[in-house]
Amino acid sequence: MDFTTLSAQLNASTIIPEGIIVLTILVILVGDLILGRSSSVQWSPYVAIAGLLSSVASLFFQWDVADPIAFLGGFNSDALSVLFRGIIALSSAVTVLMSARYVEQAGTALAEFLAIMLTATVGAMFLSGANELVMIFVALETLSISSYLLTGYMKRDPRSNEAALKYLLIGAASSAIFLYGSSLLYGLSSGETRLGAIAASISSVEDLGLIIALVFVIAGIAFKIAAVPFHQWTPDVYEGSPTPVVAFLSVGSKAAGFALAIRLLVTAFPLVADQWQFVLSALAILSMVLGNVVALAQTSMKRMLAYSSIGQAGFVMIGLVLGTEAGYASMLFYLLVYLFMNLGGFTCIILFSLNTGTDEISEYSGLYQKDPLITLALSICLLSLGGIPPLAGFFGKIYLFWAGWQAGAYGLVIIGLLTSVVSIYYYIRVVKMMVVKEPHEMSDAVKNYPQTRWNLPGMRPIQVAIVFTLVTTSLAGILSNPLFTLANNSVSRTEMLRAAIAPTPTETVSLDTTAQ
Amino acid sequence: MIQFLAETAWLVPLYPVVGMVLSLPWSPGIIRRTGPRPAGYVNLLTTALGLLHGVLAFPAVWHQEPTYLYFPWLEVAGLNLTIPIELSALTIGATIVITGLNLLAQVYAIGYLEMDWGWARFFAFLALFEAGMCALVLCNSLFFSYILLEILTLGTYLLVGFWLNQSLVVTGARDAFLTKRVGDLFLLMGVLSLYPLAGTWDFSQLGEWAKTAELAPATATLLGLALIAGPMGKCAQFPLHLWLDEAMEGPAPSTILRNSVVVATGAWILIRLEPVLALSPVALTTMIAIGSITAIGGSLISIAQIDIKRSLSYTVSAYMGLIFIAVGTHHIAAALLLVLSHALAQALLTMSAGSIMLNTITQDLTQMGGLWSRRPISGLSFLVGVVGLIGLPPLGGFWALLKLADGLWESRPWLLVVLLIVNGLTAFSMMREFGLIFAGQTTPMTVRSPENIWLITLPMTVLMGLTLHLPLVLQVAGLLPSWASLDKNVALLLLSSSSMGCLAGALVYVVQIVSTPVRLPVPAIQNLFANDVYTPQLYRSTIVFGVASLSRLANWVDRFVIDGVVNLVGFVSLVSGEALRYSTSGQGQFYLFTITFASIAIALITGWTLISQSFPIL
């Protein structure tokens, strides 16, 4: 094998986006060493954001590559992975915006935080394109270990320590289960690690080993996306972690989990497609019901959003188990809008807790008189999460449910509808708390609410994040066509999904006003 | 350049939208230092731009085939919503009329609302109205027209309710909204049921479809009735006419638009839908019947009103009734001509009435009189408006009515009688109003009533000029019916009905040969018309009673059945939420146990068939 064939087979240009982020990490670490910790708050967030945004920009050029397979089949840069990597990088960028002030106010080093956060991002992005068992595991562990570090980053806070330890132990256990499943897969396929080759060399469906491998792999993925009953770590970890980390875990890390789920299940387990769809349907139902019902009883904003994100993952899983083009596309679309609305909500919570030092829901009462911006943005984001038209979340949900109904998954859709009604209750409770209360019902935290000082270092990025997510959440619904097209194209361009989607003729409802 | 402007004429509705957004900063509390006035000037500018764009683009589309543009809005998974736009001489001409009248009304408003605090709000509402109407006339799809009609309904509510601290204003706005919603609700049923039948919502394609469509008579009748319900509400036709009367509580500048172009949006939809409506003879007959009842009833009620604006508003209803008759008898060109001439004349009348009201401090006709010497410009404008409205040559109304009358003469002579009666009654009513305001002795209210500042008088005189020149414009455009082909007898009949009406009105109210106020021999009839044919009571005993009974029933079901179920579900959810939250105990080993247990359980369930084969004992 001469050098040119080798470099063609490596096809290293597909990981330029990840390369850019790695470079950014280096710049931040070295710059922090040279310039000193006190000045790094001035520049490091901007470097991180610039790196992430240029990574997103370079993903744009990856959209249409002729040969997506890289590193001898270890990495696949097809349209699906490009979109997932874009979602992850974008969510990381918004997280960086909201974290600068938070970390600074907590008195910990910002540059290190950003470096770990970017490492987690790189891991998540590699996970979205990983096409081979070893690659998957390495990427998964990169993401997980960085997440443990981030969770315990507030090292003077015992809750943060507890969260990190719990996360580490349970994460390690679930990684072990996942690894067990992968090794079974390796053995069953007589020594293959590439996903496509595994599927090709397993012929027998009637194999208990394959089922066990499937279930163990699903257990690992379900831990990552926090599906019930693999969810119990979520509330504790979310409550103890620094809030920006929670935001990243609930969007970026989850998106990576979904990317892994699609690629691994569709490519490696086509023989037991019915089984994995059944298992994931069960997990989806459990997640929707439990996540939304338990969220009703929460009193802490962060815990409530933790359970709500479990419920939201349940909704997204509806799209995953359908196995139709509309199903995958609706799932991608929902993740896209979920990114904006969930991160918008978290940014508002961060700003509120920076100003008042509390996360209790009852402390939000009467906020609109003191801080209209937070009230507006948080209300819009929560209503969008609840699926109130005409916000982005409504369009996301309606597309998911529509795709489910078309594919005949009536039970899932009905449970989804019922639980989203439940979810509206606890989202609106917060909105009501902020908006409806009379001045004399104001909470103590709001009574002593300080004037927000936007000129402090790290406050502008928060303002930018709030306004950006607010505008996107309000407009992405009405002007959703570009996002719809993006999600649909990404599914239809992806080789593995095209092969997997059953060629059943789905009946399309035509509402064509320009029928010529 | 002109071609480019014509191709981009779909931008016209966007200018007012820009103006609306730009006036946001002057809403209370954001920009204080400048006062609210800049918001008005910004909107004036954007409206002028819209008018200019339309006027410049007009030559390029004149005598051309209509061109169609399509803007995809939402395309996903077989759902395809595209906004179709029609650019033709008719639609762009309509935007010119709308933006032109808006411009005049906005200048008028600057003078009229000089002391008001809500400029930003008022001008933003006007811009919303203007944008909605321009978009409506350019839009070529029934579905999007419906959406725009709803936006206009909202706009009416907001504008009528502008002075929101007066209770009559609030009820007026509410009633206008609800009455139009009743019509719109039926229209929505029609719109939705039309799609499965025709497969399209484009007006042009609906016309094609209607040529060959074969519908069951019952379907066609129901469809037609549902489709005319929307315009009935918009055009204030019996029995949905009362809102226009109550809407007169709104500020006069918005009344100018409402009386002239906003009510005409219903007529516009009706005209676009005429091919579909023609499928059902029952619908056409209903339209003619409703139009006739409203036309005669409206002009009679108008004579009995003592409020200057209400008297005008019933004339509007009456003329919209004539348009219903015109569309019901397939006289589209006459209907459009009537819409145009009525819009200009009615706007002029309303401007004049508003200008009188502003300085006289009253709307009560009985308290006015003797203003001719003090208010010559307003008086002249009022007279020109009257002549432009009714069938007196050579102004626009005459030609429009003549065209309609000429068509009716051959097909349905008894409708011609209706037309002549309405025309005569309107002439009488207008002369009555003129006489009560301008003739006779001065009263305490009119002693100090000079002409207004130029901001009010100038738009009025400009519009007077436009009304006077309308026949010339129509002649240049070749839209006037040719004199040779018309029946001279019809023209003579029309002329005599107008002059008799005017003469009678002038004799009673200007020269005052009988003592005013006139008492009819039977007071019951007078009361009947003075009380709007008791329509409020009619509403109360029918629709309000029906809705109230239904809501009482729904309330009972809601309270005892639905609430019980909902409370039960909510209670169960909350209790289970409270219970389940303790499943997360905080102990790490318990979490690990759950994961392991769940993995094994899932594996057992999924692989049960295989396991039971391997171990037959199980």
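The numbers here are math on the coordinates, done by the rules we state, and not lab data. Owing to the predicted nature of the structure, the values given are computational and were not obtained by experimental measurement. For neighbour counting, all protein chains shown are included, and Cβ atoms are generated from backbone atoms with ideal geometry for every residue, glycine included.
Between the stretch B:472-543 and the stretch A:465-496, the alpha-carbon centres lie 59 Å apart. Stretched out straight at 0.36 nm per residue, the stretch from residue A:425 to residue A:57 would grow longer than its current Cα-Cα span by 128.6 nm.
Can you pull the mean other chain C-beta count within 10 Å for peptide A:169-176? Please report the intermediate quantities before stating the final value.
On the way: counts 4, 6, 0, 1, 5, 5, 0, 0.
The shielding value for this peptide is 3.
Relative contact order of the stretch A:160-286: what whole-number percent is it, with Cα pairs under 8 angstrom and at least 6 residues apart?
Numbers: 116 pairs, mean separation 43.0, N = 127.
Once normalised by length, the contact order is 34 percent.
Between the Cα long axis of helix B:588-606 and the first principal axis of chain B there is an angle of about 90°, rounded to the nearest 10. The 3J(HN,Hα) values that the Karplus relation (6.51, -1.76, 1.60; θ = phi - 60°) gives for the stretch B:232-245 are, in residue order, 4, x, 4, 8, 6, 9, 4, x, 9, 9, 5, 4, 5, 4 Hz. Gly and Pro appear as x. Every pair of different Cα atoms in the stretch A:284-356 enters the Kirkwood calculation, which places the hydrodynamic radius at 13.2 Å. Computed from Cα atoms, the angle from the helix A:158-188 axis to the main principal axis of chain A rounds to 10 degrees.
Let me know the shape class of the stretch B:1-140, please: from the alpha-carbon gyration tensor, a ≥ b ≥ c as square roots of the eigenvalues, rounded when a/c is under 1.5, otherwise prolate if a/b is greater than b/c, or oblate. Provide the component values of the computation, followed by the final result.
Working: a/c = 2.84, a/b = 1.61, b/c = 1.76.
Here the stretch B:1-140 falls in the oblate category.
For chain A, averaging the sequence separation of C-alpha pairs within contact (under 8 Å, six or more residues apart) and dividing by the residue count gives a relative contact order of 15 percent. Checking the Cα-Cα distances for A:370/A:432; A:370/A:447; B:180/B:309; A:155/A:224; A:302/A:437; A:166/A:224 against a 18 Å cut-off, the pairs over it are B:180/B:309; A:155/A:224; A:302/A:437.
The Cα atoms of chain B cover 115, 60, 58 Å along the three principal axes, with the biggest extent listed first.
Equivalent ellipsoid of the stretch B:539-614: semi-axes from √(5λ) of the C-alpha gyration tensor, largest first, are 53, 20, 8 Å.
Residues whose amide H falls under 5 Å from that of residue B:73, counting only those 5 or more places apart or on a different chain, are B:81, B:82, B:83, with hydrogens built in the peptide plane. Modelled spin labels at residue A:10 and residue B:364, positioned 7 Å past Cα toward Cβ, are 9.7 nm from each other. Ranked by the mean number of other Cβ atoms within 10 Å of their residues, highest first, the peptides B:381-392, B:180-191 fall in the order B:381-392, B:180-191. Name the shape class, rounded, prolate or oblate, that the alpha-carbon gyration tensor gives for the stretch B:158-278, where a ≥ b ≥ c are the square roots of its eigenvalues, rounded holds for a/c under 1.5, and otherwise prolate holds if a/b is larger than b/c and oblate otherwise. Judged from the Cα gyration tensor, the stretch B:158-278 comes out prolate (a/c at least 1.5, a/b above b/c).
How many Cβ atoms of partner chains, on average, are near each residue of B:198-207 if near means within 10 Å of its Cβ?
Values: counts 1, 4, 5, 5, 4, 0, 0, 4, 0, 0.
The per-residue average across the peptide is 2.
For the stretch B:419-511, what does the equivalent ellipsoid look like in terms of its semi-axes, each the square root of 5 times an eigenvalue of the Cα gyration tensor, given largest first in whole Å? All intermediate terms of the calculation are to be shown ahead of the outcome.
Details: eigenvalues 196, 104, 11 Å².
Rounded to whole Å, the semi-axes are 31, 23, 7.
Which one of A:294, A:97, B:401 is farthest out on the positive end of the charge dipole of the protein assembly as shown, using unit charges on Cβ (Lys, Arg +1; Asp, Glu -1) and the Cα centre as origin? Projecting each Cα onto the dipole axis, the largest value belongs to B:401.
Once C-alpha pairs closer than 8 Å and six or more residues apart are averaged by separation and normalised to the residue number of chain B, the relative contact order reads 11 percent.
Give, rounded to the nearest 20 debye, the magnitude of the charge dipole that chain B has about its Cα centre when Lys and Arg contribute +1 at Cβ and Asp and Glu contribute -1 at Cβ.
1080
If you average the alpha carbon positions of the stretch B:96-159 and of the stretch B:369-386, how far apart do those two centres end up, in angstrom? Answer, in whole Å: 28. Across peptide A:221-234, the average count of Cβ atoms from other chains found within 10 Å of a residue's Cβ is 3.
I'd like the FRET efficiency for residue B:548 and residue B:71, computed as 1/(1 + (r/R0)^6) with the beta carbon distance as r and R0 of 41 Å, rounded to 0.05. The partial results should precede the final answer.
Values: r = 44 Å, r/R0 = 1.06.
With a Förster radius of 41 Å, E is 0.40.
Along the stretch B:466-483 the Karplus relation, 6.51 cos²θ - 1.76 cosθ + 1.60 evaluated at θ = phi - 60°, assigns HN-Hα couplings of 4, 5, 5, 8, 3, x, 5, 4, 4, 5, 4, 6, x, 9, 6, x, 6, 4 Hz to successive residues, with x for each Gly and Pro.
Each label point was placed 7 Å from the Cα along the Cα-to-Cβ direction; for residue A:208 and residue B:37 their separation is 9.1 nm. Sorted from longest to shortest, the spans of the Cα atoms of the stretch B:126-210 along the three principal axes equal 49, 24, 12 Å. According to the square roots a ≥ b ≥ c of the eigenvalues of the Cα gyration tensor, what is the shape class of the protein assembly as shown, taking rounded for a/c under 1.5, prolate for a/b larger than b/c otherwise, and oblate for the remainder? Prolate, since a/c reaches 1.5 and a/b exceeds b/c. Looking only at the stretch B:149-180, which residues have a backbone nitrogen under 19 Å from a spot 7 Å from the Cα of residue B:307 in the C-beta direction? Taking a point 7 Å out along Cα→Cβ of residue B:307, the residues of the stretch B:149-180 whose backbone N falls under 19 Å are B:156-180.
Couplings for the stretch B:288-302, taken from phi via the Karplus curve 6.51 cos²θ - 1.76 cosθ + 1.60 with θ = phi - 60°, read 5, 5, 4, x, 5, 4, 5, 4, 5, x, x, 5, 5, 4, 4 Hz in order; Gly and Pro are left as x. Over the stretch B:317-368, the reciprocal of the mean inverse Cα-Cα separation, the Kirkwood hydrodynamic radius, stands at 12.7 Å.
Which FRET efficiency value, to the nearest 0.05, do you get for residue A:176 and residue B:605 by plugging their Cβ-Cβ distance into 1/(1 + (r/R0)^6) with R0 = 30 Å?
Values: r = 22 Å, r/R0 = 0.73.
FRET efficiency, residue A:176 to residue B:605: 0.85.
Report Rg/Rh for chain A, rounded to two decimals, where Rg is the Cα radius of gyration and Rh the Kirkwood radius. Provide the component values of the computation, followed by the final result.
Details: Rg = 22.3 Å, Rh = 23.2 Å.
Here the Rg-to-Rh quotient is 0.96.
Once both axes come from the Cα atoms, what is the angle between helix B:89-112 and the longest principal axis of chain B, in degrees from 0 to 90, rounded to 10? For B:89-112 against chain B, the angle is about 80 degrees.
Highest mean packing comes first when the peptides A:196-203, B:54-61, B:552-559, A:245-252 are listed by Cβ atoms within 10 Å, giving A:245-252, B:54-61, A:196-203, B:552-559.
Using 0.36 nm per residue and subtracting the Cα-Cα separation, the extra length available between residue B:165 and residue B:538 on full extension is 131.5 nm. Sorted on the mean count of surrounding Cβ atoms within 10 Å across their residues, most packed first, peptides A:40-53, B:135-148 read B:135-148, A:40-53.
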